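Encoded as structure tokens, the structure appears first; notes follow it.
The values are calculated or read from the model by the stated rules, or taken from the named source; none is laboratory data. Just so you know, these numbers come straight off a predicted model, no measurement behind them. Cβ sites come from the backbone with ideal geometry, for glycine too, and all protein chains shown count toward neighbours.
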Amino acid sequence: MSVLNHLAHAALITAAVLAAPAAHAQQHWPDKPIRFVVPYPPGGGTDVIARIVQERFQKELGQPIIIENRGGAAGSLGTDVVAKAASDGYTVLFTLSSHTINPSIYPKLPFNTVKDFEPVGTIASLPQILVANLQLPVANVAELIALAKAKPDSLSFASVGNGSPGHLAGELFKLRTGTKMTHIPYRGGGPAVTDVLGGQVPLLWVSIPAAAQFVKTGKLKALAVSTAKRSAAFPDVPTMQEAGVADFEVDSWYAMFVPAKTPKPIIDKLNAALNTIVREPDIRAKLLAQGSEGVGGTPAALGAVVKVELARWSGLAKEANLKAD
């Protein structure tokens, strides 16, 4: 055997030896607990949805699912944790559609939304809901617009943070109605709801799960939802378009991503578990009770949504001069 052939043969053996543990790890994944990083505090919509499916993921994957709340910067802090995690399937990003909004709001994110992640699948889609403190003297959107125009800059609205769908909805509302309000960003839906209940902030745009129980118990007033059709969970709450605000639509979703270069067999196992779970009647009922609808689908379908929305929100951010406060 020539020296070149010997070297080539040795290289092939080395590659095979190195590949064997990786192939074994993929075949036997998962063999330890999996971390779901929720980039928002407990009590917010993303956290609520993650906990609805947590137990079923444990059953499907045969390992404990540990939910780790890492709130801050409209999801960017927790998202960065996943971007820098090992690509072994044991760290999963469970996030909101702010994932595609943040690049238009924050000029220097510590990660690349497309290159640093692999999509797994979409858990659910849902509207944002505009709710008000009971002391705010408005009963509907028309009265809110009238009050905001009569007293410019006197009202404020909370959201789960800069770049969140709620932030986007609030800024779009200002743009479409010609009103002036101050955005108050929070670190998540739980803290934002608490302050609106307490009267520190009069208005809140948030995912329905974070506010659902307080609307149902009469502790918050629901004025409108952000989608083109009404929420099945709150059929009596009008859409913003029905309330008289034309060209207004903001959809939001919850989805799962893993770090870039995560092996496809692992992504496929996660996706299969996701699709099994969101088809189950009891899970769909629990999601619906929170105002969301189970989705499912392929990693490619979620990847396509990400690319479309990155372009869409970039255009809207420019139109509304949307930026982090």
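A few comments on the model shown:
- Selection count where residues are touching a Gly at 6+ places or on another chain (Cβ under 9 Å), more than 23 Å from V196 (Cβ to Cβ) and buried (at least 23 other Cβ atoms within 10 Å of the Cβ), scope the range 26-53: 1
- Among the criteria (1) within 25 Å of I208 (Cβ to Cβ); (2) in contact with a strand residue (DSSP E or B) (Cβ under 8 Å, 6 or more places away or on another chain); (3) surrounded by fewer than 16 Cβ atoms within 10 Å (Cβ to Cβ); (4) of a type outside the set (S, T, N, Q), the one A300 does not fulfil is (1).
- Residue check for S87: in contact with a strand residue (DSSP E or B) (Cβ under 9 Å, 6 or more places away or on another chain) and closer than 20 Å to F173 by Cβ: no
- Boolean, F234 is crowded, with 18+ Cβ neighbours inside 10 Å and over 24 Å from T100 (Cβ atoms): yes
- Any hit, the range 233-256, residues being in a loop (DSSP other than H, G, I, E, B), among the hydroxyl-bearing types (S, T, Y) and in contact with a Leu (Cβ under 9 Å, 6 or more places away or on another chain): no
- Residue selected from the range 199-217 under the condition without any contact (Cβ under 8 Å) to a residue 24 or more places away in the chain and assigned to a loop (DSSP other than H, G, I, E, B), by the criterion surrounded by the most Cβ atoms within 10 Å (Cβ to Cβ): Q200
- Close pairs (8 angstrom Cβ cut-off, 6 or more residues apart or separate chains): over 30 Å from V38 (Cβ atoms) in the range 151-162, basic (K, R) anywhere: P152/K180; D153/K180
- Residues in the range 218-232 that are of a type in the set (A, V, I, L, M), modelled with pLDDT of 95 or more and part of a loop (DSSP other than H, G, I, E, B): there are none.
- Tally, over the range 47-81, of residues that are closer than 16 Å to A260 by Cα, β-branched (V, I, T) and within 14 Å of the chain's Cα centre (by Cα): 1
- Residue selection: K261 satisfies the criterion of being at pLDDT 95 or above, in the same structural domain as A74 (by TED's automatic domain parsing) and assigned to a loop (DSSP other than H, G, I, E, B).
- In the range 149-164 there is at least one residue that is crowded, with 19+ Cβ neighbours inside 10 Å, at pLDDT 95 or above and assigned to a loop (DSSP other than H, G, I, E, B).
- Which numbered condition K307 fails, given (1) in contact with a Ser or Thr (Cβ under 6 Å, 6 or more places away or on another chain); (2) over 23 Å from W205 (Cα atoms): (1)
- Out of K229, K261, K269, K221, sole residue that is of a type in the set (D, E, K, R), out of contact with any Asp or Glu (no Cβ under 6 Å at 6 or more places or on another chain) and at positive phi: K261
- Among residues of the range 54-92, those that are at pLDDT 95 or above, buried (at least 20 other Cβ atoms within 10 Å of the Cβ) and either of a type in the set (A, V, I, L, M, F, W, C) or not assigned by TED's automatic domain parsing to the domain that holds E280 (or both), counted: 5
- Residue match in the range 285-298 (condition: farther than 19 Å from I49 by Cβ, assigned by TED's automatic domain parsing to the domain that holds T79 and of a type outside the set (D, E, K, R)): yes
- Within the range 301-312, none of the residues are assigned to a loop (DSSP other than H, G, I, E, B) and in contact (Cβ under 8 Å) with a residue 40 or more places away in the chain.
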